[in-house]
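The values are calculated or read from the model by the stated rules, or taken from the named source; none is laboratory data. None of the values given here were measured: they were computed from a predicted structure. Every residue, glycine as well, gets a Cβ built from its backbone with ideal geometry; the counts of neighbours run over all protein chains shown.
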Amino acid sequence: MKYRKKHERDTTMGMAASQARFLSLTARKTNVEYEGQQINQQRTTLSNETAGYYSKLTNLAVPTPPSTTDFTKTTYTFTDGTETNVINSLIAQKNGYYILNYTQSTQTNSVVSNGNVIVARQQSQYEILDENGEPILDENGQPTMGTAIGYYIGATKLRDLGSDPGDDVYLNSLDPLNRERTLLLEQEYLAMLQEKYKESDWLVKYQLNSSTGIYEPVFYSKNQVINADYSDKTDASQSVIKSYVYGETIEQREVKNAKARVEQDTKGRYMSVIIYETDAEGNIRLDENGNEICTQYTLTTSTSTDDNAYNDAINQYNYDKAMYEKEVREINTKIEVIQAQDKDLELRLKQLDTEENAISTEMDAVKKVISKNVEGTFKTFNA
């Protein structure tokens with residue numbers, strides 16, 4: 001009887017311990033499963049981040065190096081006597097004609113700007129004379145004096161253009177015939193200056209051209225000279241005074257909406273252009289025989305590359321390429337960090353799987369112990 005009670009007590013204690021162990025293992029397994037779920041959720045988040053970075057890599061614009069052809073311009077020109085014409089645009093029309101725009105350049109002789117100069121201002125006293133050329137006396141019997149202002153460049157005094165030679169050293173050195181011719185030519189220069197620069201009064205001085213050995217006229221706006229700022233100490237001009245000389249210049253005008261046809265070679269380059277005369281309505285004029293009035297010009301082809309623009313594009317490309325490579329490196333670094341984190345999580349998940357398998361094995365063993373204890377208990381009570 002004592003043995004039976006002791007056996008019942010041991011069996012009961014064994015069952016309680018096994019039940020407690022089983023509950024502990026169940027709790028551990030639950031925690032392992034929960035931690036595994038959390039890790040899977042983290043790996044899913046990391047996978048989404050990686051996909052986002054790969055998408056960003058795919059959408060990055062890869063810089064393209066510039067081509068010199070993008071900065072090379074083909075220019076077509078044609079001549080008409082002394083005129084040089086540069087084609088600006090040719091716009092094809094449905095009827096086979098083209099709308100032609102071109103710039104017409106003509107080399108002409110004119111007065112052109114020749115840089116800036118410094119003018120010296122000098123004041124001098126002179127006797128005021130009456131109509132008979134006699135000095136006008138003041139109340140003290142002294143000649144009345146006036147003040148004259150002269151303007152000089154170096155030792156040469158500026159003279160009103162087209163005026164009497166006066167004390168002009170160069171003009172006074174000429175014989176009467178050449179001096180008269182020079183003064184007449186000055187009138188032509190004056191008309192040119194007045195028309196081109198819209199100023200009526202001009203000054204002139206003659207200076208030796210060291211290249212030709214000939215004295216040439218240099219012109220100055222009288223308004224600029226008189227109204228310039230002059231130093232109180234030196235009487236030298238301090239503001240801008242421009243000089244002008246007679247020489248060659250290029251006059252340009254743009255011709256728009258001319259009607260034309262073009263001839264091309266086998267490579268598509270323009271060989272010649274045919275320009276038609278048109279009336280105010282844009283219709284082609286016809287001669288007495290009903291033929292279209294036109295002129296054909298041979299085209300000259302030339303190419304030029306804008307090196308400055310190309311170099312700017314290369315510099316921009318190098319900058320864009322460096323920024324692109326920097327961004328790629330940064331994204332790849334972030335992906336590597338995420339992959340390392342995912343690897344750690346993967347290892348932890350494998351550890352949890354191993355732990356879960358061990359727990360499951362131990363739980364199975366505990367179940368068997370509990371089952372044997374239950375079986376032993378029933379046998380004891382049934383004996």
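Some points to look at:
- When the range 1-52 is limited to residues that are small (Gly, Ala, Ser) and farther than 30 Å from residue 331 by Cα, the one that is modelled with the highest pLDDT turns out to be 27.
- Qualifying residue in the range 55-67 (condition: touching a strand residue (DSSP E or B) at 6+ places or on another chain (Cβ under 8 Å), surrounded by fewer than 10 Cβ atoms within 10 Å (Cβ to Cβ), in contact (Cβ under 8 Å) with a residue 24 or more places away in the chain and assigned to a loop (DSSP other than H, G, I, E, B)): no
- Among the conditions (1) in a helix (DSSP H, G or I); (2) exposed (fewer than 12 other Cβ atoms within 10 Å of the Cβ); (3) in contact (Cβ under 8 Å) with a residue 12 or more places away in the chain, residue 178 misses just one, which is (3).
- Filtered by the rule that a residue be touching a strand residue (DSSP E or B) at 6+ places or on another chain (Cβ under 8 Å) and either of a type in the set (A, V, I, L, M, F, W, C) or in a loop (DSSP other than H, G, I, E, B) (or both), the range 84-104 gives 86, 87, 90, 91, 92, 93, 96, 97, 99, 100.
- Applying the condition of being touching a residue at least 12 places away in the same chain (Cβ under 8 Å) and of a type in the set (D, E, K, R) to the range 247-263 and asking which residue is farthest from residue 189 (Cα to Cα) yields 261.
- Qualifying residue in the range 130-151 (condition: in contact (Cβ under 8 Å) with a residue 40 or more places away in the chain, at positive phi and either surrounded by fewer than 13 Cβ atoms within 10 Å (Cβ to Cβ) or not basic (Lys, Arg) (or both)): no
- Residue match in the range 128-136 (condition: at pLDDT below 90 and within 30 Å of residue 153 (Cα to Cα)): yes
- Boolean, residue 190 is part of a helix (DSSP H, G or I), of a type outside the set (S, T, N, Q) and within 48 Å of the chain's Cα centre (by Cα): yes
- Condition broken by residue 217, with the remaining ones in (1) closer than 21 Å to residue 111 by Cβ; (2) touching a residue at least 12 places away in the same chain (Cβ under 8 Å); (3) out of contact with any helix residue (DSSP H, G or I) (no Cβ under 7 Å at 6 or more places or on another chain); (4) part of a strand (DSSP E or B) satisfied: (3)
- The single residue among 279, 229, 287, 306 that is surrounded by fewer than 15 Cβ atoms within 10 Å (Cβ to Cβ) and in contact with a helix residue (DSSP H, G or I) (Cβ under 8 Å, 6 or more places away or on another chain) turns out to be 306.
- Of all residues in the range 152-175, those being among the aliphatic types (A, V, I, L, M), within 56 Å of the chain's Cα centre (by Cα) and surrounded by 14 or more Cβ atoms within 10 Å (Cβ to Cβ) number 4.
- Cross-chain or 6+ apart pairs with Cβ under 6 Å, the range 30-47 first and basic (Lys, Arg), then in a helix (DSSP H, G or I): 43/342; 43/345
- Residues of the range 124-151 that are more than 21 Å from residue 190 (Cβ to Cβ) and under 53 Å from the mean Cα position of the chain (by Cα): 149 alone.
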